[in-house]
Amino acid sequence: MSSIVRRAGLATAAAALALTGAAYGVARSASADVVAELTAPQLVADMGAGWNLGNQLEANNNGIPSETAWGNPVVTQALIDRVKASGFKTIRIPVSYLGNIGAGPNYTVSSAWLTRIAEVVNYAYNQGLYVMINMHGDGYKSVTGSWLICDSSDQTTIKDKYQKVWQQVATKFSSYNDHLIFESMNEEFDGQYGTPTSACYSNINAYNQIFVDTVRKTGGTNASRWLLVPGWNTNIEYTAGSYGFVLPTDTNRSSSIPSAEQRLMISVHYYDPWDFAGQEDGTITQWGAAATNAAKKSTWGQEDYMDTMLKKMYDAFVTKGYPVFVGEYGSIDKTTYDSANNTYRANYAKALVATAKKYGAATAYWDNGYNGQHGFGLFDRTTNTVTQQSIISAIITAAGSSTPTTSPTTAPTTTPTSAPTTTPTTAPTTSPGGTSTCKVTNAVSAWNTGLTNNVTITNTGTSAINGWTLSFTLAGGQTITSGWNATYSPTSGAVTATNVSYNGGLSAGGSASIGYQATHTGNAAAPTGFKLNGATCS
């Protein structure tokens, strides 16, 4: 997921191997000295149903990672216990490093941050769950302090920094067994949603190769650990098709791995159709063959499309021994527009997991911790309780396991782990409105008749802002088709963007990143006339 929620919805997803001979839930020990080298189909079966701890360790405040920066509470053992009790067997933990990386040439990662990452990993790892960690927000232009930018001019510095950071992370976890999987990066691309550019794709391929070589050379279990690599923006079409993706070589892997087997996985995401899965309005609220209102159902992206996309990954990679992981999928809560929406959200999740399993793929639902309108949340992270049992049941059933017969209502008895040593950013205490002094920057990427614009809003005043609106005027001929991290109304002309629940607080000097995708008729200029809460921005 990009930034806080998600950017635009292009085809992404996955498939993997036939599960012949691989029983669901192979009994495993999580102790570091036990490393049973599973084959690709055994691994996919053993990973079962997956879940994302989204908007936590990848969250940041002005470029400094903070697990509470985007409105979620500190991660606790109690939360992970609840996730496991609900039937999930794999947890993906997105991680950003950003300002916790020191200066070159060593690019030393903060020891306190590595320690906190390990604490959260251990919450799941010590329970026998599969855990994935990655490099998440460092590759987004819209994130303050991002640096893993594929179309940046200084690729020599970027690649050196990338190698040094992964070397430290891999060394930190070198003794962990194969229940821990590393993912090289997240939705890496140049910010435009058109056809991939060859120069940028070449750098993405280079990052993946550096990642594989670096991890393997740290030794220990890392020499045989399963490693996960994405193509362009984790997009299925641009990964499986002839657009430039190159699989890394794996020449430094352990000699204990049979020569005919692989230890690399392919990462993709799936949020299609976006008007159902992520677009924050009430137009499209139903999905699939069971939909009862054609006007509320998208004209594309139904079960047949899902099957086609997953099969593309199967044909391109799984048949060659490379399993695929749908690292993110899901749909936002639109029950305020359509009371039956959760039924279709559950149907969507069940179909994705079942279709992925059909082709051998493992999956992980995207949960950003937010419950209510436009949220992806399945759990309340404060009370450690289930909020969307029907969706969880659909996922667990489709994965081939079982779920509790009643929805858990109380938190596990485990005492929550205390907060990290760094002080979490607190919500601003000023009343909504306030006097706004602000700065706005745009990052427009345009193609043919479309564009995206990543907008960064900075509160340059001395007082915090609690609740904001950003008004601006689009160039003639531009119409917003989807957006993220704000609601937009109307979609052309003079537009007002309003904060969503998790980013309404702007501390003095604080920033928020929002954005949108739009069509244009030839004029792809940035908006003009920005005003934050009525005050003109520079």
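The values are calculated or read from the model by the stated rules, or taken from the named source; none is laboratory data. Model, not experiment: these values are computed from the prediction. With ligands, DNA and RNA removed, areas are computed over all heavy atoms of the protein, side chains included. Shrake-Rupley method; radii C 1.70, N 1.55, O 1.52, S 1.80 Å.
Side notes on the structure shown:
- Amide H contacts of Tyr359 (H built 1.01 Å from N, in plane; Pro and chain starts excluded): Ala16 sit under 5 Å, all sequence-distant by 5 or more or on other chains.
- Semi-axis lengths (Å, descending) of the ellipsoid that matches the C-alpha gyration tensor of the range 44-90: 25, 13, 6
- Of every Cα-Cα pair in the range 102-188, the percent that sits beyond 18 Å: 48
- Summed over the residues of the range 27-160 and divided among them, the accessible surface reaches 29 Å² per residue at a probe radius of 1.4 Å.
- For the range 64-182, the fraction of 1.4 Å probe accessible surface lying on carbon and sulfur atoms is 50 percent.
- Once backbone amide H atoms are built at 1.01 Å from N, Arg92 has Trp51, Asn52, Leu53, Met132 as its partners under 5 Å, excluding neighbours fewer than 5 places away on the same chain.
- Protein accessible area in the range 294-350, 1.4 Å probe - carbon and sulfur %: 54
- Accessible surface calculations at 1.4 Å, restricted to protein heavy atoms, place the range 209-257 at 33 Å² per residue.
- Taking 20 Å as the straight-line reach from the Cα of Lys350, the aspartates and glutamates in range (excluding those fewer than 8 positions away in the same chain) are Asp46, Asp272, Asp275, Glu303, Asp304, Asp307, Glu328, Asp333, Asp338, Asp367.
- Percent accessible area from carbon and sulfur atoms, the range 225-277, protein chains only, probe 1.4 Å: 47
- Our estimate of slack between Ala103 and Asn62, defined as 0.36 nm per intervening residue step minus the Cα-Cα distance, is 13.0 nm.
- Mean-position separation - Cα centroids, the range 60-128 and the range 295-347, in angstrom: 27
- Using heavy atoms of the protein chains and a probe of 1.4 Å, the accessible area assigned to Val75 is about 0 Å².
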